[in-house]
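Here's the structure, in structure tokens; my notes come after.
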Amino acid sequence: MGRHNINYSTHFNMQKKHNFLLLLTLFCGLAQAQELEFGEVKPSEFTQTYSNLDSTASSIVLYDYGDSQFIYSPSRGFEIETLVHVRKKILKESALDEASINVNFFDESRTSGENIYKIKGATYNLENGEVVESKLGKKEVYYDRGERFSTKKFSLPDVKVGSIIEYTYIRQTPLNTYNKPRTWSFQSDKPVVWSEYNITIPSYFYYQIIMGGYLPLTVNEREQISMTIQGTDLMANAMKYRFAVGNAPAFKDEPYITTSSDYVSKVEFELSSISFPNQPVKDYNTTWEQLDKTLLESDRWGEGLLNQSFLKEEVAQFATMEDQSEKLKAIHAYLVKNYKWNKTVGLFPQENMRKVHSEKEGTASELNLLANAFLRSAGFSANPIILSTRNNGRINTVYPLMDKFNYTMACVNLDGKKILFDITDPLLPMGVIPAICINGFGREISEFGNEFVPLESAQGYYEYEEISATINPDDGIISGTYTTNELGYPANLLRKTFEEMDNEEFEEKIRENHSEWEISDFQSSNIENIDEAATISYKFSKEDGGVMPDIIYLSPLMTGQIKDNPFMRKERQFPVDFGHVTNQMVKAEYVIPEGFIVEELPKPATVMLPDKGGKFMYFVQNQNGKLTVFSRLNLFKSEYSAQEYAYLREFYDLIVEKHAEQIVLNRVEE
């Protein structure tokens, strides 16, 4: 079958490994679209509706087609030439600007830059039952030249609601600039009736083909052929692939995902090797061991493991500490105090460790590689971990792809446990990694063996809110004290807000968030002590329309109420990724006004997610002249699979319902 008879994989296993191999059939016997000819638009395309796909769409992609071939030129070497052909229907006025097309491309030099050429475009309108074509003129294509990246721009003419627009172009990309075909996405933010990608790969090139997303392929074909490579007289065996997805719904952002690229259905390519006749095979990190070796042998990244001599004087101050846990905390506190992150990510350091050490500032990888060297010099078993941040997409543990990683942190092996160690955020306790790093798995790199490590934080989301209040039925005022204690990520957010503002500004922000409250006696504690719960408290009073002289309708959760279910869709094809475990508690105590009795109380509720995935507990008690309201939400997992989505959605429906219930108090007649 040739060197590109390769395995396919999706990106993630929804429950355990976050990725799994998917064996795809050679052919799926569903209806297949034929390749459309440019300009052949039928009147029926204007009257056909697509409400079954998406009745709310402002436009719909009728046809999205790509075809890639390998060609050769003496001046530029091997190139990938891709024909792109798009046909789209404009359904609403808000989509008229989609007729303005920008094609961006790398344009640094004549020998290494991309070419965009053979641009054609047209608009079609139905008038008196006939299709009227308005062509894009050659002079209406503009070339916006940049230093390294440029844009070909054009706007299709005579576009209105109901128009069909169409354009096509060819992109030529030298392999010495970008050594793989571009990712082809079968989904976009618009519904797509038919998306198809074809590619013919000569046997000289061995690519891993990686299927991503959650939509099944409508067409998956491959055929072994013989071909002459354009620009040469070379004959080669080749594999011709055809992938297509029909009726792809628009991808819409949903709550609690990493980045859309992790979920959109697509096909990606990664170059594994090149093998020309009578030449040695050139490999490109085909195994994790080779990737690990590349990192360990690189000058600057590997330096973070090996070069520790310049740190000895600083490390000496911790030499007398015997308790290893306390010593580790002290080193973390020292490093975050003395080194500053420049807000830049990237796998490889830009500077050597000595310069980072002297300037006391660097990228995330620079700082954490230096921290790793510091820890080793202090006698700890420490190794760096490479990872991909949430907005960069998850890594696929099946495929060793160096360019998928963009961050390095440290990992300390202490008393049989792995402690993730990051010094980019001075407002996070040791072991609580930045939220941007909670993204599946990272890879621990060492000279003695490597493994994948789950990127889990020592603390998740912990928030405890408490209200103690009295109710005055004569003036309709509820007044009392409010206190919140926060750990983990809400505490980090609170501390960052404090860092950006003085006390008066922060207090004003609280007032803005509770515009109906009168706030006084604002206090805070443990804001600077990151190992303790951050606390703020203040007195408040508010007018409440439900408080009347003879009857009181009390909404018991004045704070912490979950009013809306974040999971509104009936179905979800991909996991819900909170990034952390959650523990949210609210306690409220109200003194029952003299002369009032409880007429109606919400019933207690305890709800469990399957397999101990979460728990919600809610009750209201009437004791000793006080009403005590308690709500607790626990999510014991950071991620829930698509199969668990229906339970999670119903779980939140019940929370919203219970949190909305009122307490009714009546005045006793004398």
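The values are calculated or read from the model by the stated rules, or taken from the named source; none is laboratory data. As the structure is a prediction and not an experimental result, all values here were calculated from the model. Every residue, glycine as well, gets a Cβ built from its backbone with ideal geometry; the counts of neighbours run over all protein chains shown. The accessibility values were calculated without ligands, DNA or RNA, using every heavy atom of the protein model including side chains. Shrake-Rupley method; radii C 1.70, N 1.55, O 1.52, S 1.80 Å.
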Which of (1) over 34 Å from the mean Cα position of the chain (by Cα); (2) open to solvent by 30 Å² or more (accessible area, probe 1.4 Å); (3) closer than 23 Å to G231 by Cβ does N115 not meet, given it meets every other one?
(1)
Residues of segment 306-324 being of a type outside the set (A, V, I, L, M, F, W, C), assigned to a helix (DSSP H, G or I) and surrounded by 12 or more Cβ atoms within 10 Å (Cβ to Cβ), in sequence order, are E314, Q317, Q324
Return yes or no: is T483 within 18 Å of R632 (Cα to Cα) and surrounded by fewer than 17 Cβ atoms within 10 Å (Cβ to Cβ)?
yes
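Per-residue answers, yes or no, for (1) in contact with a strand residue (DSSP E or B) (Cβ under 8 Å, 6 or more places away or on another chain); (2) surrounded by fewer than 21 Cβ atoms within 10 Å (Cβ to Cβ); (3) closer than 26 Å to T111 by Cα:
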site: K153; (1), (2), (3): yes, yes, yes
site: L156; (1), (2), (3): yes, no, no
site: P181; (1), (2), (3): yes, no, yes
site: K190; (1), (2), (3): yes, no, no
site: T200; (1), (2), (3): yes, yes, yes
site: Y204; (1), (2), (3): yes, yes, yes
site: M239; (1), (2), (3): yes, no, no
site: A248; (1), (2), (3): yes, no, no
Search result, residues across segment 377-409 that are touching a residue at least 60 places away in the same chain (Cβ under 8 Å), of a type in the set (A, V, I, L, M, F, W, C), part of a loop (DSSP other than H, G, I, E, B) and buried (at least 22 other Cβ atoms within 10 Å of the Cβ)
A378
Please determine whether any residue of segment 347-361 is crowded, with 24+ Cβ neighbours inside 10 Å and modelled with pLDDT of 95 or more.
no
Which of (1) closer than 24 Å to T363 by Cβ; (2) open to solvent by less than 40 Å² (accessible area, probe 1.4 Å); (3) touching a Lys or Arg at 6+ places or on another chain (Cβ under 6 Å) is the odd one out, the single condition I436 does not satisfy?
(2)
Those residues of segment 229-268 that are aromatic (F, W, Y) and either touching a helix residue (DSSP H, G or I) at 6+ places or on another chain (Cβ under 8 Å) or closer than 15 Å to G213 by Cβ (or both) come to a total of 3
From the list K637, K626, K612, exactly one residue is on the phi > 0 side of the Ramachandran plot, touching a residue at least 12 places away in the same chain (Cβ under 8 Å) and open to solvent by 60 Å² or more (accessible area, probe 1.4 Å). Which is it?
K612
How many residues does segment 644-670 hold that are modelled with pLDDT under 95 and either assigned to a helix (DSSP H, G or I) or among the small types (G, A, S) (or both)?
0
Flagged pairs (Cβ under 8 angstrom, 6 or more apart or on separate chains; first in segment 82-97, within 26 Å of T173 (Cα to Cα); second basic (K, R) and open to solvent by 60 Å² or more (accessible area, probe 1.4 Å)) are T82/R182
With the requirement that a residue be part of a loop (DSSP other than H, G, I, E, B) and without any contact (Cβ under 8 Å) to a residue 24 or more places away in the chain, what does segment 245-276 give you?
D253
Out of segment 540-588, which residues are open to solvent by 50 Å² or more (accessible area, probe 1.4 Å) and either closer than 30 Å to R394 by Cβ or not in a loop (DSSP other than H, G, I, E, B) (or both)?
E543, Y553, D564, M568, R569, K570, E571, Q573, V581, Q584, K587
Condition first: open to solvent by 10 Å² or more (accessible area, probe 1.4 Å) and not in a helix (DSSP H, G or I). Can you find one or more residues in segment 363-376 that meet it?
no
Being within 31 Å of the chain's Cα centre (by Cα), at pLDDT below 95 and acidic (D, E) is true for just one of E270, E322, E313. Which residue is that?
E270
Being among the hydroxyl-bearing types (S, T, Y) and either without any contact (Cβ under 8 Å) to a residue 12 or more places away in the chain or open to solvent by 40 Å² or more (accessible area, probe 1.4 Å) (or both) is the filter here, so list the residues in segment 589-606 that pass it.
T606
Per the filter on segment 139-160, residues free of Cβ contacts under 8 Å to residues at least 24 places away in the same chain and within 18 Å of V86 (Cα to Cα) are V141
Can you tell me which of I209, I225 is buried (at least 20 other Cβ atoms within 10 Å of the Cβ) and either of a type in the set (S, T, N, Q) or not in a loop (DSSP other than H, G, I, E, B) (or both)?
I209
Residue count, segment 493-527 (criterion: touching a helix residue (DSSP H, G or I) at 6+ places or on another chain (Cβ under 8 Å) and in contact (Cβ under 8 Å) with a residue 24 or more places away in the chain):
4
